[in-house]
Amino acid sequence: MIDAKKTIVVTGIGVVSPYGIGWAALRDGMLAGRCCLQPATDLYPGFQGTLAQVGGLPQLPESHHLSRSDKLAVLAARDAVSGYNGASETLRESGIIMASTVAGLSEIDAEIAKGAAEWYRHGGLKRAASYSVSCVGAAVAESLKIQGPCSTVSVACASGAMSIALGANLLLDGAAPMVLAGGSDALCPFTLSGFNSLQALDPEPCRPFDQNRQGLNLGEGAAVLLLETLAHARERGAPIHAILRGWAMTNDASHPTAPRSDGAGLAACIGRALEMAGCGINEVGYVNAHGTGTPLNDIAETHAFERAFSGRSTPIPVSSTKSYFGHCLGAAGALEAAITITAMQEGALFPTLRLTDPIESDSVDYLRGELRRQSLPVAMSVSAGFGGSNAALIFGRPRP
């Protein structure tokens, strides 16, 4: 018997992606297999690479004091509550958990790439240091006049997924009637130059889980889920897009940037999420992987799936949708949660684009080629980030 007061459901999904504004734009682009990754040379002097940008953002009345990451977050949050049909005071008392890694760094002048020392001497450090990551959550609160608990998390590339897990915990604690949870990050010269210096960027469109992968591409965007308990959703007659059956967060505690090569930390995270969901390894029909396309991540993630799904009757279907519009950093986990829910609703297993020679594994079915259609009652999204941060979210289709 489901306890409606302790069951967390998704009743709104807001998205801003390289496909456009709205969850429908993301769904249609993914189902069409359209890749948004394009060559770009104009973000800062000397940069030549491949990335995915969001175009055609509408003007926001309050935009004069917002960073690009803020604007993406506000647009996604507004989209998430666009169909809200409850009392205004309930929305006002709700919580906000946003994620970001770039935040105001997106406003850093491209001149930093020409000469960082000179840029800092002429006020760059002051401008960079005066814009905190927390402004992303605050921008959403100000825009929607939400006065409940508000926080912004920044735990590298697992941030977006962790914000959803933390938002669910807020609801179970009774701290808010509903929670807007998600992530937002914009492209910026500072981030691009950082990943470039790590030699982590693929100059061509990325090939996650391919034997010949060369690195990642960066993208930008935002996604926000409106979370509430099943009891609260039923009370106001809200549409239920998915059930958040289980979630977990762990840390490898082994290296500042590299994942554990054996995947043990992520595997433990997956195991805890499965336990919380009361879900067997054979029930999960699809995993939306972190799948950056870097040599270290993809092999560690493969080992994690082998550990977590050991004994499964068939190989676990896995793909990386970063092959469609890049790695959106703090927004990645939230966008991939929206994609995972889309996969369940559409009965669609999205292949990894450009995957021709997958990492060999008897336990993992790396999806490639054509879109695969099948019923998908349960699906999982996983994220992993610098510092060993891991997050796993398990979604289920709502029952009639």
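The values are calculated or read from the model by the stated rules, or taken from the named source; none is laboratory data. Keep in mind that what you see is a predicted model, and the values were worked out from it rather than measured. Counting neighbours? That spans all protein chains shown, and the Cβs are built from the backbone with ideal geometry, glycine included.
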State whether one or more residues within the stretch 142-150 are surrounded by fewer than 24 Cβ atoms within 10 Å (Cβ to Cβ) and of a type in the set (Val, Ile, Thr).
yes
Between Ala161, Ala200, which is modelled with pLDDT of 90 or more and among the hydrophobic types (A, V, I, L, M, F, W, C)?
Ala161
Condition first: without any contact (Cβ under 8 Å) to a residue 24 or more places away in the chain, more than 21 Å from Val318 (Cβ to Cβ), of a type outside the set (A, V, I, L, M, F, W, C) and in the same structural domain as Ser94 (by TED's automatic domain parsing). Can you find one or more residues in the stretch 170-181 that meet it?
yes
Given (1) surrounded by 13 or more Cβ atoms within 10 Å (Cβ to Cβ); (2) at pLDDT below 80, index of the condition Ser130 fails
(1)
Of all residues in the stretch 357-400, how many are at pLDDT below 95 and either in a loop (DSSP other than H, G, I, E, B) or not small (Gly, Ala, Ser) (or both)?
4
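Given Ala258, Ala277, Ala222, Ala264, which one is closer than 30 Å to Gly83 by Cβ and in contact with a helix residue (DSSP H, G or I) (Cβ under 9 Å, 6 or more places away or on another chain)?
On the way: Ala258 fails: closer than 30 Å to Gly83 by Cβ; Ala277 fails: in contact with a helix residue (DSSP H, G or I) (Cβ under 9 Å, 6 or more places away or on another chain); Ala264 fails: closer than 30 Å to Gly83 by Cβ.
None of the other options fit; the residue is Ala222.
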Go through the residues of the stretch 292-306 one by one and say whether even a single one is aliphatic (A, V, I, L, M), under 22 Å from Pro377 (Cβ atoms) and touching a residue at least 40 places away in the same chain (Cβ under 8 Å).
no
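If you take just the strands (runs of 3 or more DSSP E) that sit entirely in the stretch 1-58, which of them hold at least 2 residues that are modelled with pLDDT of 95 or more, within 27 Å of Gln374 (Cβ to Cβ) and hydroxyl-bearing (Ser, Thr, Tyr)? Full working, then the answer.
Numbers: elements: 8-17, 38-40, 49-52.
The strands (runs of 3 or more DSSP E) meeting that bar are 8-17.
In this structure, does Pro205 turn out to be modelled with pLDDT of 95 or more, in contact with a strand residue (DSSP E or B) (Cβ under 6 Å, 6 or more places away or on another chain), closer than 25 Å to Gln53 by Cα and surrounded by fewer than 24 Cβ atoms within 10 Å (Cβ to Cβ)?
Spelling it out, Pro205 is indeed modelled with pLDDT of 95 or more, in contact with a strand residue (DSSP E or B) (Cβ under 6 Å, 6 or more places away or on another chain), closer than 25 Å to Gln53 by Cα and surrounded by fewer than 24 Cβ atoms within 10 Å (Cβ to Cβ).
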Subset of the stretch 274-311, residues charged (D, E, K, R), closer than 28 Å to Leu216 by Cβ and over 19 Å from the mean Cα position of the chain (by Cα), comes to Glu306, Arg307
Among (1) assigned to a helix (DSSP H, G or I); (2) touching a strand residue (DSSP E or B) at 6+ places or on another chain (Cβ under 8 Å); (3) modelled with pLDDT under 95, Tyr120 falls short only on (2)
Which of the numbered conditions does Val81 fail, given that it passes all the others? Conditions: (1) among the aliphatic types (A, V, I, L, M); (2) at pLDDT below 85; (3) in contact with a Gly (Cβ under 7 Å, 6 or more places away or on another chain).
(2)
